[in-house]
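This report concerns only the one structure given below.
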Amino acid sequence: MLQDALGTIDAVSLARAWEDPAGSATLEQVASPAGQARFHAAPPPEAIHDLGNQGALWLHLRLQRPPEGRQEWVLEFPMPVLDFVTVYQRGPQGWAGESAGDTVAVNSWPEAGRYPFFRLDLPPGETRDVFVRIRHLTPANFPVRLLTSAVHARNIQLEYLALGTAFGALLLLVAGCLARGLVYRDRIFGWYAVYALVTSLGVAAFTGAAAHLLWPGFSALGDSPPPMLAAAFGVAAVLFVRNLIGVRRRFLGQDRLLKGLAGIGVVLIAAPPVLPKMLGLHLLGAYLAIATFSVLGVAAAAWRRGDEVGKWVCAAFLPMTLSVLASFMRIFGWLPVSTGSQYAVVLAMGLEIPLLLVALTIRSRERHSAQVREQALTTHDALTGLLAPHLFQDRLRQVIARYKREGQGAAVMFIDLVNHGPIKDRFGTAVAEQSLLRSVIKLHRLVRDVDTVARLGEARFAVILEGATARASVTDRGARLIAAGLMPLPGLKPDVTLQFHIAALLLSERPTEAGDVEAALADQLARMSPRTRRPIRFVAPDTPEHADSSLFLPSDDEKRSRPPLSAVS
């Protein structure tokens, strides 16, 4: 008696069952009194039925709706991979059968869905017989449920809400990875997008959503798409982990193993339509077991080597491996079909995808950092971190062009650490490099963030002071740098002071080209005696009205050897 208040009933416990080993019995034979005598109480819902290539399982239900019943009832088979099922009901014209299953196109089902279900014709107060004929090649138990139309509709909505959330998030992740791969030009994001897309299609086929929504009218391959996509999932997983772990250059044995497994998987993708189903499933099950355990082994080996990515790959693939193995154990009849076993792979996918994204982000960050460091070596000095000469020259050209265009002044300074050579000869290379680093620190204390600092030679630095229009501001900075270099550093062993010579040029005084600026400053430094008492000097302006400006007065020797004012002031 189908009471509306019950909502859901396990139909297997109510049915009588009979296995037809030859699969040749017709409905008339089964529905006859002699045929019905063959039925017996159904085994437990978890019982495994091995029907083979020809066998069929018949179920007999005798149902009645109460006279006051208002709900229609649905007979449901919540097993997307069920090969073929036919439900026979007696109507005004006699017995009529409707069929569904994953071996036929969903469009030919009585009602399209992820799995077969049939609406029952049960007039209130009348007892009706319902016969079910099930054919399935692999050993399995067959869940059968009776539901009211309202409960069935609600369950369908909840199931698609959960699946839609999972697939929607996954597709959004795929799109994000493709965009990120294009922005960073990192192919590993492309591999991840391919892997996630193949995984999504495989899970969609396994849950019946793909046949219902993506290819409802396609039946040329029968029930081959799910195993084909499962093989494609194995190939994508192997290739993705191979690229993510980076075994190609460092571990040739593991690399050959993963490439070999990928090649075998490519062959298996095309095998299900041409091989006997049981043979194809056994080969596919063995391949997925070997592939998943190989991926786990490679990730575990990387983890033992200290690779953090290996840890996240292990965490991601462990639940997926267990769920895939459980799915094939269920296909082979080693585990009963249940809601948990059917949707374990969806849950595993929900855990795997974000964990793999973490691993991918870590690997991408490492590669991007390496690329940034490599790029920095071409744009910055490796020892001091200052700009390289060619970038300084580009910057100088930009400043000169802006001055000519907008009149925005600037000053250019060349600074030599004149005692770098003696320090290196007396104390060695390490102390000499330490002196350069100390010089850079002192320079950074005197300039602003907008100013440009570069290293042009072994002991020569260059500074562009943005907006400087007076010699006094340049002289002030130079004087402080010289004083800071001569100031002893407490606790420094050996006690080494730094001696600087500075040549400067104001663009407002000498608006020339970048090459001429560098040549004039270099020539100015070359004219300075190592023991000069006048370590800050300016390149002469184009106009004679600018007075000479320096920090210290010249010695008598320097007065005699001093170049004419037209060259230096």
- Message: I need the trypsin sites (Lys or Arg not before Pro) found in region 168-219, filtered to DSSP loop residues with at most 16 other beta carbons within 10 Å of theirs.
- Response: 185
- Placing each pseudo-label 7 Å from Cα in the direction of the beta carbon, residue 492 and residue 466 end up separated by a distance in nanometres of 3.0
- Task: Kindly rank 120-129, 141-150, 216-225 from highest to lowest mean number of other beta carbons found within 10 Å of each residue.
- Result: 141-150, 216-225, 120-129
- Message: Starting from the 7 Å offset along Cα-to-Cβ, what nm value, one decimal, do you get for the label separation of residue 215 and residue 391?
- Response: 5.3
- Gain on full stretching of the segment that runs from residue 171 to residue 527 - 0.36 nm per residue minus C-alpha separation: 121.3 nm
- Item | Total charge dipole magnitude, region 1-134, about the Cα centre, Cβ charges on Lys, Arg, Asp, Glu only, Debye to nearest 20 | 260
- Here the alpha-carbon Rg of region 386-453 over 2.2 N^0.38 Å rounds to 1.42
- Taking the structure as given and computing Rg and Dmax of the Cα atoms in Å, which label from (i) 23.3, 79; (ii) 40.9, 135; (iii) 28.8, 88 fits? (ii)
- Query: What order do you get for 401-410, 306-315, 447-456 when each peptide is scored by the mean count of other beta carbon atoms within 10 Å, highest first?
  - Reply: 306-315, 447-456, 401-410
- Item | Two-site FRET efficiency, residue 473 against residue 382, from Cβ-Cβ distance with R₀ of 30 Å, rounded to 0.05 | 0.40
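Where a number appears in this text, it was derived from the coordinates with a stated rule and is not lab data. The model shown is predicted, which means the values in this text are computed figures rather than measured ones. Using ideal geometry, Cβ is built from the backbone for each residue, glycine included, and neighbour counts are taken over all protein chains shown.
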